[in-house]
Amino acid sequence: MAGNANTRFDNVSLLSVASTLPSRVTTSADIETRLAAAFSRLDLPTGLLQRVAGVLERRNWGPGESSDDATVSAGQRALAEAGVDSSEVGLLINTSVSRKHLEPSVAVRLHHGLGLPSSAVNFDVANACLGFVSGMNLAASMIESGQIRYAIVVNGEDADELQVNTIDRLLKQDSDRDGFMSEFASLTLGSGSAAAVLGRTDEHPTGHPILGGVSRAATQFHDLCVGSVDGMFTDAKALLKGGLDLVVSAWKEASTEWDWSSMDMYVTHQVSSVHTNAIIKAAKLDRRRVPTTYPQFGNVGPASIPITLVEAQETLNKGDRVLLMGVGSGLNTAMMELAW
């Protein structure tokens, strides 16, 4: 399939997935109260975050908490649930968008925090909100090839500084409606951490086999969503259209080898009600099989897919078919099937 990467795995399983959520809850009403002067000056209706995005609240790290420490905590629990000792891990991939510095990698601190051996390869993989699925795919490939026995894929996001900077900027007198809407998505972001442990299926028959999936790129849209700790600027309408077109294109091309029309659960990247509804309609998904976490957690970037899987996994039964699917700024999309 031209331009469409198709991957199949025979002996890789998801052994566990865990998350750590911040203690501080920031409601959309809180954010709009802080932005009251801007709403009044720009004659914007209140309740936009809840009514348009469907985000009621999101989490932010509280005093004494950090995304790195929370990610280590999630990783420790994931390893314990998988029954894998840290000394056995051969690979750590950090997939976070958030980072406190450019160098060294975030992975090195997490490698140290988890007490992984010096033989464990560790590095960051950056692919916007698609990073966690990309990390799982890379880890699965290394396990399948026999390079390693166990891998841990981790993610920790901290949206606090970006939101503070965004609110400060929007309160300035020179901000206009167009500028406000270009930064609207920043106000839906949340913080959180997650970790997943992967291993060989033949060594862990109770694990959840990763069957494979597809990925596709539409990098002509690389400038539709550009962000840093200073702010995230998005052409929301063009981003939604480009993302939907990409998902539908990848879905159709994949249909010759994969049948995802009747999965037991679709775990999608959590952005907003608009995004989720559009994906459900475009791919003709059963809404009852699409769990949502954006109302209470917001958009937690790459962590949103594993966090949603953690929240929903108790409703899954052995043998259920699960599809992880998302779109990352750039644009890239990926879909990965699991047998629960």
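Open to solvent by less than 30 Å² (accessible area, probe 1.4 Å) and either farther than 29 Å from N94 by Cα or among the basic types (K, R) (or both), is that true of L331?
No; evaluated as a whole, the condition is false for this residue.
If V164 passes every condition in (1) open to solvent by 40 Å² or more (accessible area, probe 1.4 Å); (2) within 16 Å of T234 (Cβ to Cβ) but one, which one does it miss?
Against the list (1) open to solvent by 40 Å² or more (accessible area, probe 1.4 Å); (2) within 16 Å of T234 (Cβ to Cβ), V164 comes up short only on (2).
Just one of (1) without any contact (Cβ under 8 Å) to a residue 40 or more places away in the chain; (2) surrounded by 19 or more Cβ atoms within 10 Å (Cβ to Cβ); (3) part of a loop (DSSP other than H, G, I, E, B) trips up N122, so point out which.
Of everything listed in (1) without any contact (Cβ under 8 Å) to a residue 40 or more places away in the chain; (2) surrounded by 19 or more Cβ atoms within 10 Å (Cβ to Cβ); (3) part of a loop (DSSP other than H, G, I, E, B), N122 misses just condition (3).
Out of the range 229-271, which residues are open to solvent by 60 Å² or more (accessible area, probe 1.4 Å), without any contact (Cβ under 8 Å) to a residue 24 or more places away in the chain and farther than 27 Å from E311 by Cα?
Selection gives K237, K241, K252, S255.
Taking the stated definitions as given, is V322 in contact with a Phe, Trp or Tyr (Cβ under 8 Å, 6 or more places away or on another chain) and outside any helix (DSSP H, G or I)?
The answer is yes for V322.
Considering L110, L114, which residue is within 23 Å of the chain's Cα centre (by Cα), in contact (Cβ under 8 Å) with a residue 40 or more places away in the chain and open to solvent by less than 10 Å² (accessible area, probe 1.4 Å)? Steps first, please.
Working: L114 fails: open to solvent by less than 10 Å² (accessible area, probe 1.4 Å).
The match here is L110.
Can you tell me which residues in the range 288-321 are open to solvent by 10 Å² or more (accessible area, probe 1.4 Å), within 13 Å of S191 (Cα to Cα) and hydrophobic (A, V, I, L, M, F, W, C)?
Of everything in the range 288-321, just one residue is open to solvent by 10 Å² or more (accessible area, probe 1.4 Å), within 13 Å of S191 (Cα to Cα) and hydrophobic (A, V, I, L, M, F, W, C), namely F297.
Just checking, which of L285, L324 is in contact (Cβ under 8 Å) with a residue 40 or more places away in the chain and either within 18 Å of A53 (Cβ to Cβ) or open to solvent by less than 40 Å² (accessible area, probe 1.4 Å) (or both)? Working first, answer last.
Details: L285 fails: in contact (Cβ under 8 Å) with a residue 40 or more places away in the chain.
Selected residue: L324, the only one of L285, L324 that is in contact (Cβ under 8 Å) with a residue 40 or more places away in the chain and either within 18 Å of A53 (Cβ to Cβ) or open to solvent by less than 40 Å² (accessible area, probe 1.4 Å) (or both).
Given the conditions (1) under 12 Å from N94 (Cβ atoms); (2) open to solvent by 60 Å² or more (accessible area, probe 1.4 Å), which single one is not true for R177?
Of everything listed in (1) under 12 Å from N94 (Cβ atoms); (2) open to solvent by 60 Å² or more (accessible area, probe 1.4 Å), R177 misses just condition (1).
For the range 2-20, indicate whether the set of residues that are in contact with a Lys or Arg (Cβ under 7 Å, 6 or more places away or on another chain) and on the phi > 0 side of the Ramachandran plot is non-empty.
Yes: the range 2-20 contains one or more residues that are in contact with a Lys or Arg (Cβ under 7 Å, 6 or more places away or on another chain) and on the phi > 0 side of the Ramachandran plot.
Considering only the range 58-81, state which residues are open to solvent by less than 50 Å² (accessible area, probe 1.4 Å) and among the charged types (D, E, K, R).
R58, D68
Only one residue in V55, V12, V84 is open to solvent by less than 20 Å² (accessible area, probe 1.4 Å), more than 30 Å from I167 (Cβ to Cβ) and in contact with a Pro (Cβ under 8 Å, 6 or more places away or on another chain). Which one?
On the way: V55 fails: more than 30 Å from I167 (Cβ to Cβ); V84 fails: in contact with a Pro (Cβ under 8 Å, 6 or more places away or on another chain).
Step by step, each of V55, V12, V84 is checked, and only V12 is open to solvent by less than 20 Å² (accessible area, probe 1.4 Å), more than 30 Å from I167 (Cβ to Cβ) and in contact with a Pro (Cβ under 8 Å, 6 or more places away or on another chain).
The values are calculated or read from the model by the stated rules, or taken from the named source; none is laboratory data. Small disclaimer: the values here were computed from a predicted structure and weren't measured. Heads up, the Cβs are rebuilt from the backbone with ideal geometry, glycines too, and the neighbour counts pull from every protein chain shown. Heavy atoms of the whole protein, side chains included, go into the accessibility calculation; ligands, DNA and RNA do not. Shrake-Rupley method; radii C 1.70, N 1.55, O 1.52, S 1.80 Å.
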